[in-house]
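A short reminder: the numbers here are calculations on the coordinates, not readings from a lab. It should be emphasised that the depicted structure is a prediction, and the values quoted were computed from it without experimental measurement. Because the Cβ atoms are built from the backbone with ideal geometry, glycine has one as well, and the counts that use them run over all protein chains shown.
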Amino acid sequence: MPSIRHLAPGLGLVVLIAVAAFALSRVPALSSLGLSALTLAIVIGAVLGNVAHHRLAGPRTLPGLQFAQKTLLRIGVALYGLNLSLGQIIRVGPAAIVTDIFIVASTVVVGWWVGYRWLRMDRETVLLASSGSAICGAAAVVATESVLGAAPHKTSAAVGQVVLYGSIAMLLYPVLFGLLGVGREAFGIYAGSTVHEVAQVVAIGKTVGGVAAENAVIVKMIRVMLLAPFLIVLGRMTVRPDGGAVATARPSLPAFAIWFIAIALVHPYLGLPDRLLALLRAIDVYLLAAAMAALGLDTTVKKLRVAGRDAVILGAILFVYLIVIGGIANLVIQHAFGVPLDR
């Protein structure tokens, strides 16, 4: 591992960007759009990287940027388990669990078929974009990147489509609530199981109001928890080149995914003070934002052109899939489990 002296320039840069992103995420005009610190960090990083790439992402800062892209990212994903608990899953009931499992699994499968088989996209971009749409937006994208080792510009392209279609969802879903005629309890499960980012789900839930807000967030948190088994399966299935030959060794389970599950299951029973828990969650946001900033700094317009257009097309197809097929799946599953659908 490089020394602190070698890491300091790059880490200092991404920490400053993370602090700026965290501050901007609290600006009402931006928070109302569902723009989280993670999203803002990669946007700021990408802007700075394109304006002064050679100076900001040069040899002096490279060790720190690579450390942020790998190590800080893995720690951040593991600590993300602090946002979840087993009690949340039990409280919302089996209908939401079954719905989330179907949505995540089917969206990844459809994304793979459409992206890899039909659009002829590269494997990494397909999996990054599919995981972002299926699970929890930018956090899922960066976590998947840490398993795949994909290029930063592919990660940025996947995050970009999550931001685009998640933002559209915040405008569209309240309209859908008025058109569909379903109750707030059922609509909350629908929104939580099909909208990309946690922040976007919160915004929609608050707009609809009532039990929809609580259900939407809890169901979304269950989807977030499915990130760990997804990463474990992906880690076992991923084959990487080794010296030009196809690697045959069985990949080990991602340690950060195991820690993610362990923290989610154990932390509610540790009796941590609320202030300490809030501090740890804030640190987690900073770590993930720093990793996103590092990815953004290494992303240029030239690189985005390689993966960006196809990622947007794939994201659009998955967005429609989540709204339509996700909506039908919600109606069928919730009816089967006795969730009241009428207002």
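Using Cβ point charges alone (K and R +1, D and E -1), the dipole size of the chain about the Cα centre works out to roughly 660 debye. Taking the chain as a Gaussian network, where each spring joins two C-alpha atoms under 10 Å apart, which residue of HIS153, HIS196, HIS267 fluctuates the most? Checking each option, the largest mean-square fluctuation is seen for HIS267. Under a Gaussian network description of the chain, with springs only between Cα atoms under 10 Å, the residue in ILE261, ILE328, ILE189 that fluctuates furthest is ILE328.
Among 133-142, 119-128, 19-28, the peptide with the highest mean count of other Cβ atoms within 10 Å heads the list, and the full ranking is 133-142, 119-128, 19-28. From most to least packed by mean Cβ count within 10 Å, the peptides 317-324, 41-48 give 41-48, 317-324.
For the peptides 5-13, 164-172, 284-292, the ranking by packing is 284-292, 164-172, 5-13, with the highest mean count of neighbouring Cβ atoms within 10 Å listed first.
By the combined test of axial Cα extent (at least 30 Å) and Kyte-Doolittle hydropathy (mean at least -1.0), the qualifying DSSP H helices of the chain come to 152-180, 274-297, 301-336. Of the labelled options (1) 124, 48, 37; (2) 63, 49, 43; (3) 60, 49, 40, which one gives Cα extents along the principal axes in Å as computed for this structure? Matching the structure shown: (3). For region 166-181, backbone nitrogen atoms closer than 18 Å to the point 7 Å from LEU341 Cα along Cα-to-C-beta are found at 176-181.
GNM remark for the chain: springs join alpha carbons under 10 Å apart, and the peak mean-square fluctuation among LEU38, LEU280, LEU297 falls on LEU280.
In terms of other Cβ atoms within 10 Å, LYS154, LYS206 run from fewest to most in the order LYS206, LYS154. Each label was represented as a point 7 Å from its Cα along the Cα-to-Cβ direction; for ALA23 and GLN66 these points are 3.1 nm apart.
Rounded, prolate or oblate: which one fits region 64-108, using the alpha carbon gyration tensor with axes a ≥ b ≥ c (rounded when a/c is under 1.5, else prolate when a/b beats b/c, else oblate)? Cα axes put region 64-108 in the oblate bin.
Adding -39500 (n - 2.57) for every DSSP H run of four residues or longer, then dividing by how many residues the chain holds, sets the calculated 222 nm ellipticity at -23500 deg cm²/dmol.
Partners of LYS206 within straight-line reach, counting aspartates and glutamates whose Cα lies under 15 Å from its Cα and excluding those fewer than 8 residues away in the same chain: GLU185, GLU197, GLU214.
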